[in-house]
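Encoded as structure tokens, the structure appears first; notes follow it.
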Amino acid sequence: MATRRTHLKMVENWVGCRWAFLVFFGILLLHAIAILLFTRGFLLTRTELSQYSQCSDISESPCFSPSSTDQRNRKNDENHQNSCWTKPAVDRVIIIILDAIRFDFVAPSTFFEEKKPWMDKLQVLHKLASNPALSAKIFKAIADPPTTSLQRLKGLTTGGLPTFIDVGNSFGAPAIVEDNLIYQLAQNGKRVTMMGDDTWIQLFPDHFNTSYPFPSFNVKDLHTVDNGCIEHLLPSLYKEDWDVLIAHFLGVDHAGHILGVDSSPMIEKLEQYNGILEKVVETLESLSGPGGLHENTLLLVMGDHGQTLNGDHGGGSAEEVETAIFALSLKKPSSSLPSEFDPSSCQFDMDGKKICVSSIHQLDFSATVSALLGVPFPFGSIGRVDPALYAVAAGAWNSRISHTLNDNSQSGFEWMKNYVNTLCINSWQVKRYIDVYSKSSPIGFSGKDLSHISNLYADAQDIWSRNIKPSLLFDEQSSFPLTSAIKIQIDAYSNFLMTVAGLARSKWTEFNLRLMSIGLCLMAVSIFIHVLIIKSLDTQFRLYFHLSGNSGISLAALLSYIIVLIRACSFLSNSFILEEGRVASFLLATTGILQLRFAISRNKMILEGLAFVLLVPFLKFGIELGQSKQAVNSLFLKIDPSWTLGIQSNSNFVMYVVEILPQIALMLVVYILYRCILCRCAKGALKYVTFGTILSYLLISLMWALDSSLLRLPSVLGCLKGNLIPQIIYAISFLQLLFLAAVQPFIREKYINCEESTIFKASALLCSWSAPIIVLSGKQGPLVALASIIAGGCILKFLQLKQESDNGYTRVSSFYSFPVAQGSLLATVLFFSTGHWCAFDGLRYAAAFIGFDDFNLIRQALLLTIDTFGFSHILPILGLALLVACLRPARQAEQKKCFSVQLCQVYLIYGLIMAVPVTFTIVCVTIQRRHLMVWGLFAPKFVFDVVGLILSDFLICLASVYYLV
């Protein structure tokens with residue numbers, strides 16, 4: 001007995017000194033340092049060189065400069081007097097960016113297997129592209145993931161491959177400091193006017209002669225940016241104070257984020273854009289006559305990236321990386337592009353007119369536009385001057401230099417001569433950059449890769465020096481041998497440029513293996529610390545449950561370890577990462593079946609076992625929708641049901657179900673709250689916490705009723721529409737949390753034992769968080785909340801059943817391992833069943849603006865975090881204390897003293913279960929760092945997992961203070 005009292009005294013000292021918080025905080029710091037070091041090694045940006053291209057640099061190249069060409073041909077004109085590296089093919093360029101334009105928004109529906117409602121809306125582009133008298137063409141533009149707007153704009157203007165870590169700056173874009181197209185335009189006398197998305201001002205703060213920026217982050221606002229562009233675009237077409245005009249529209253991107261592709265506002269936006277483009281083209285054509293303002297203007301209508309059917313982007317799927325470019329030169333083409341340089345795909349549109357579509361990589365955009373305008377290529381550009389896009393405008397240039405020629409083959413030969421010289425300059429610039437980059441960066445391309453690149457360039461230059469350059473120097477006329485030689489030269493340069501781009505895509509990032517190894521080792525150390533502390537508490541404090549037999553507790557603990565390892569090891573495969581939600585639901589169903597078998601063997605709680613097993617398919621339904629990238633809330637937000645679910649928008653039955661089912665679920669949650677909390681635990685002033693939560697639920701119900709198209713509420717309630725109700729809910733939740741923080745030290749005194757006080761504290765905390773999480777989740781929120789309550793209740797019931805049914809002594813860690821592992825699986829399933837997945841297109845950006853119209857980075861980031869991790873991290877971790885509090889202590893006096901240590905054990909086990917999969921994720925991305933899908937799959941998975949781990953550690957620290965102090 002003396003030894004026992006000594007152990008209990010140690011327990012009191014351990015808790016009294018608040019070692020629990022120090023341990024959890026130390027683990028948080030260890031994880032933060034490990035992740036920081038690994039991230040510094042894994043997500044390093046490439047070395048951004050400080051060099052900038054200059055006009056004078058062309059003298060170092062083996063190619064012809066415009067000045068030498070002019071002296072040879074004695075053909076100078078006003079446009080060539082300002083030439084730099086290449087002869088300008090156009091005088092002015094208009095770049096209209098339609099953010100998040102999918103390829104099937106632009107291309108005719110005949111290019112696709114099935115016609116969708118959003119296709120064939122940009123008819124003006126089809127008419128222009130099908131007119132053989134015009135130099136116009138549609139391109140499928142391929143972006144490099146991740147497909148966030150910042151990275152795409154950076155890639156379009158620098159001609160490089162922005163690395164993954166830049167995605168973190170998408171909501172606070174830093175100015176681009178490396179060489180880029182906008183800088184080169186400004187440095188070489190080109191006047192640039194910008195209007196629309198204010199991200200351009202953040203990226204290029206001092207480069208525009210005139211700018212009309214508009215705030216871009218309120219995704220609920222479909223019109224402000226677009227209306228600003230419309231206001232300034234058409235009047236600017238009549239002005240002479242610009243050489244390059246950029247108009248960046250955002251309506252389609254925002255409509256996609258809020259409503260999805262298959263929605264009426266999306267269709268209306270596309271039709272609006274069609275009308276705007278018609279007016280732009282009419283204005284340009286009216287001013288394109290000889291001597292006109294737009295006689296030699298190039299119009300580019302393009303997207304920066306695509307979007308999924310539910311309007312998200314950021315990943316690397318075909319829907320997200322495939323966008324479009326439409327190019328129109330107002331000069332009549334004098335020659336057609338040789339077929340071997342333009343592998344177009346041709347179809348007849350709905351009017352029976354032939355339209356051909358080419359492909360282009362966005363990586364090539366900067367180099368191509370630079371060549372067309374005659375400015376130096378950005379120093380870090382690794383793109384190729386695309387022959388098809390170059391030919392759209394270069395035909396206008398050919399009409400000047402070949403105006404005395406009637407033979408199309410001769411003018412085609414002239415195009416080839418100029419294009420091969422442009423590729424010579426292009427290849428020299430890329431080779432120069434690779435050489436400088438390899439010398440400046442200690443971890444660049446491998447020696448083998450550099451040797452291969454050098455050999456390709458040397459072979460191409462050998463052909464140039466021996467065959468092509470002498471022929472062009474003496475201005476030889478078209479002949480079959482020379483034409484064939486030029487084609488061989490173009491192929492050699494193209495092969496070199498495409499090889500460099502391919503190597504850059506696979507090996508661009510500089511991985512610091514030393515930092516990555518240190519970070520991985522620290523994560524392994526954290527796991528060891530978890531296990532050591534858990535075992536130390538088991539042994540040192542001798543905390544045992546006194547049960548009445550020995551029937552499989554250790555077996556259940558072993559099963560929990562196996563489940564955690566199975567899930568962690570699955571992250572070593574990209575296929576299992578893609579199927580993570582399904583794997584988690586399968587493992588959760590497995591635990592449910594084992595519980596049901598145990599209940600049947602004891603002839604107790606069979607109904608609870610059946611409920612848990614049947615609940616898993618309901619959650620898996622949400623996962624299936626998420627896996628197909630059809631967000632769960634596509635049914636439960638105020639939009640038409642998606643066609644992909646096979647639901648007709650005019651189905652009254654379905655619409656009634658969508659409107660009424662969430663309301664019923666919400667009322668059931670209110671009823672459960674009333675029965676389990678209000679009638680049992682709440683005392684005195686603490687009842688106000690519960691009343692506030694019920695009030696919030698009623699406000700949520702009212703908000704959805706006001707938005708319903710099926711209910712007709714009194715018009716006097718119309719003033720409550722909009723942002724007022726969500727803001728009231730946020731305020732109530734915030735006041736509840738402040739109230740709990742203020743009265744927390746006095747709660748235990750009002751209850752008989754610490755178990756009862758913990759039950760109330762946990763229930764009150766969950767209630768305070770639940771309302772904002774539900775309102776951010778949309779109408780799926782009450783359904784998920786109800787499922788969470790049922791599943792959590794079943795886990796608690798089965799834990800009590802084990803305590804009542806088993807015999808003997810068992811360690812605390814073994815007793816709690818299975819329910820804690822089951823709870824972590826449930827949390828993972830909830831993450832995927834709410835329509836999220838581990839990719840940036842799995843974020844619901846619209847949730848960040850529920851209750852607010854203006855953009856505030858901290859506020860919107862907080863709301864987005866609550867929506868993303870609310871059901872999967874916040875509620876499960878804060879409610880974990882109920883596992884300990886709801887058990888009936890075997891020996892009241894002793895268990896009361898040991899309660900806090902049991903709670904620490906549970907949180908340590910949960911932290912261990914969270915840390916093990918994250919460690920395996922780090923191992924996975926280390927092994928797969930050169931994998932083709934590293935930035936499209938493994939890196940997003942890494943980011944989501946480490947953010948979830950840090951958030952979990954932080955919440956565990958808060959919970960230790962809240963429950964143990």
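The values are calculated or read from the model by the stated rules, or taken from the named source; none is laboratory data. Just so you know, these numbers come straight off a predicted model, no measurement behind them. For neighbour counting, all protein chains shown are included, and Cβ atoms are generated from backbone atoms with ideal geometry for every residue, glycine included. Just the protein is used for accessible areas: all its heavy atoms, side chains included, with ligands, DNA and RNA removed. Shrake-Rupley method; radii C 1.70, N 1.55, O 1.52, S 1.80 Å.
Within the group Leu450, Leu482, which residue is touching a Ser or Thr at 6+ places or on another chain (Cβ under 9 Å), at pLDDT below 90, within 30 Å of Ser50 (Cα to Cα) and part of a helix (DSSP H, G or I)? Show your work before the answer.
Details: Leu482 fails: within 30 Å of Ser50 (Cα to Cα).
Result of the check over Leu450, Leu482: Leu450.
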Name every residue in the range 453-465 that is open to solvent by 10 Å² or more (accessible area, probe 1.4 Å) and either in contact (Cβ under 8 Å) with a residue 24 or more places away in the chain or assigned to a loop (DSSP other than H, G, I, E, B) (or both), in order of residue number.
Leu456, Tyr457, Asp459, Gln461, Ile463, Ser465
The range 246-278, subset out of contact with any Leu (no Cβ under 8 Å at 6 or more places or on another chain), over 18 Å from His313 (Cα atoms) and touching a residue at least 60 places away in the same chain (Cβ under 8 Å), residue least open to solvent (accessible area, probe 1.4 Å)
Ile246
Mind checking which pairs have a first residue in the range 287-301 that is closer than 20 Å to Val124 by Cα and modelled with pLDDT under 95 and a second that is surrounded by fewer than 21 Cβ atoms within 10 Å (Cβ to Cβ) and charged (D, E, K, R), Cβ under 7 Å, 6 or more apart or different chains?
Ser288/Glu295; Thr297/Asp91
Could you check the range 11-29 and list, in sequence order, the residues that are open to solvent by less than 50 Å² (accessible area, probe 1.4 Å) and either under 43 Å from the mean Cα position of the chain (by Cα) or at pLDDT 90 or above (or both)?
Val15, Ala20, Val23, Phe24, Gly26, Ile27, Leu28
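Conditions (1) at pLDDT 75 or above; (2) of a type in the set (S, T, N, Q); (3) open to solvent by less than 10 Å² (accessible area, probe 1.4 Å); (4) not in a helix (DSSP H, G or I), marked per residue:
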{"position": "Gly383", "(1), (2), (3), (4)": "yes, no, yes, yes"}
{"position": "Leu389", "(1), (2), (3), (4)": "yes, no, yes, no"}
{"position": "Ala396", "(1), (2), (3), (4)": "no, no, yes, no"}
{"position": "Ser399", "(1), (2), (3), (4)": "no, yes, no, no"}
{"position": "Phe413", "(1), (2), (3), (4)": "no, no, yes, no"}
{"position": "Asn421", "(1), (2), (3), (4)": "yes, yes, no, no"}
{"position": "Val430", "(1), (2), (3), (4)": "yes, no, yes, no"}
{"position": "Lys439", "(1), (2), (3), (4)": "yes, no, no, no"}
{"position": "Ile443", "(1), (2), (3), (4)": "no, no, no, yes"}
Taking the stated definitions as given, is Ile664 open to solvent by 50 Å² or more (accessible area, probe 1.4 Å) and at pLDDT 85 or above?
yes
Which residue pairs have Cβ atoms under 8 Å apart, sit 6 or more places apart or on different chains, and have a first residue in the range 158-186 that is at pLDDT 65 or above and charged (D, E, K, R) and a second that is surrounded by 20 or more Cβ atoms within 10 Å (Cβ to Cβ) and outside any loop (DSSP other than H, G, I, E, B)?
Glu178/Thr158; Asp179/Thr158
Look at Leu543 and say whether it is at pLDDT 80 or above and either crowded, with 17+ Cβ neighbours inside 10 Å or at positive phi (or both).
no
Given (1) part of a helix (DSSP H, G or I); (2) open to solvent by 40 Å² or more (accessible area, probe 1.4 Å); (3) under 29 Å from Gln151 (Cβ atoms), number of the condition Leu234 does not satisfy:
(3)
List, please: which pairs have Cβ atoms under 7 Å, are six or more places apart or on different chains, and start with a residue in the range 204-216 that is open to solvent by less than 50 Å² (accessible area, probe 1.4 Å) and end with one that is in a strand (DSSP E or B) and of a type in the set (Asp, Glu)?
Ser216/Asp197
Show the residue pairs meeting these rules: Cβ distance below 8 Å; 6+ apart or different chains; first residue within the range 771-800 and in contact (Cβ under 8 Å) with a residue 60 or more places away in the chain and under 22 Å from Phe818 (Cα atoms); second residue open to solvent by 20 Å² or more (accessible area, probe 1.4 Å) and among the β-branched types (Val, Ile, Thr).
Ile789/Ile672
If I filter the range 562-584 down to residues being in a loop (DSSP other than H, G, I, E, B) and within 18 Å of Ala524 (Cα to Cα), which single residue comes out as most open to solvent (accessible area, probe 1.4 Å)?
Leu572
Taking only the range 119-148 into account, find how many residues are closer than 19 Å to Ile276 by Cβ and either in a strand (DSSP E or B) or in contact with an Asp or Glu (Cβ under 7 Å, 6 or more places away or on another chain) (or both).
6
Inside the range 176-198, the number of residues satisfying the requirement of being open to solvent by less than 10 Å² (accessible area, probe 1.4 Å) and under 24 Å from the mean Cα position of the chain (by Cα) is 2
Got at least one residue in the range 924-932 being hydroxyl-bearing (Ser, Thr, Tyr), more than 22 Å from the chain's Cα centre (by Cα), in a helix (DSSP H, G or I) and modelled with pLDDT of 85 or more?
no
Every listed condition ((1) assigned to a loop (DSSP other than H, G, I, E, B); (2) open to solvent by 30 Å² or more (accessible area, probe 1.4 Å); (3) of a type outside the set (A, V, I, L, M)) holds for Trp242 save (2)
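For the range 210-242, which positions are over 30 Å from the mean Cα position of the chain (by Cα) and of a type in the set (A, V, I, L, M, F, W, C)? Give the derivation first.
Of the residues in the range 210-242, the ones over 30 Å from the mean Cα position of the chain (by Cα) are 210, 231-242.
Answer for the range 210-242, where residues must be over 30 Å from the mean Cα position of the chain (by Cα) and of a type in the set (A, V, I, L, M, F, W, C): Leu233, Leu234, Leu237, Trp242.
Could you please find all residues in the range 103-118 being outside any loop (DSSP other than H, G, I, E, B) and surrounded by 20 or more Cβ atoms within 10 Å (Cβ to Cβ)? Break it down stepwise before answering.
Pass one, the range 103-118, residues outside any loop (DSSP other than H, G, I, E, B): 103-106, 109-111.
Passing the criteria: Phe103, Asp104, Phe105, Val106.
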Output for the range 353-386, where each listed residue is under 12 Å from Ile425 (Cβ atoms) and among the hydroxyl-bearing types (Ser, Thr, Tyr)
Ser370, Ser381
In the range 791-804, the residues that are surrounded by fewer than 18 Cβ atoms within 10 Å (Cβ to Cβ) and out of contact with any strand residue (DSSP E or B) (no Cβ under 9 Å at 6 or more places or on another chain):
Gly793, Gln800
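Could you list, in sequence order, all residues of the range 205-230 that are in contact with a strand residue (DSSP E or B) (Cβ under 8 Å, 6 or more places away or on another chain), outside any strand (DSSP E or B) and not polar (S, T, N, Q)?
Narrowing the range 205-230 to residues in contact with a strand residue (DSSP E or B) (Cβ under 8 Å, 6 or more places away or on another chain): 207-214, 216, 224-226, 228-229.
Next, only the ones that are outside any strand (DSSP E or B) stay: 207-209, 216, 224-226, 228-229.
Within the range 205-230, His207, Phe208, Val225, Asp226, Gly228, Cys229 meet the criteria.
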Hey, can you tell me all the residues within the range 588-610 that are open to solvent by 40 Å² or more (accessible area, probe 1.4 Å) and in contact (Cβ under 8 Å) with a residue 40 or more places away in the chain?
Arg602, Lys604, Met605, Glu608
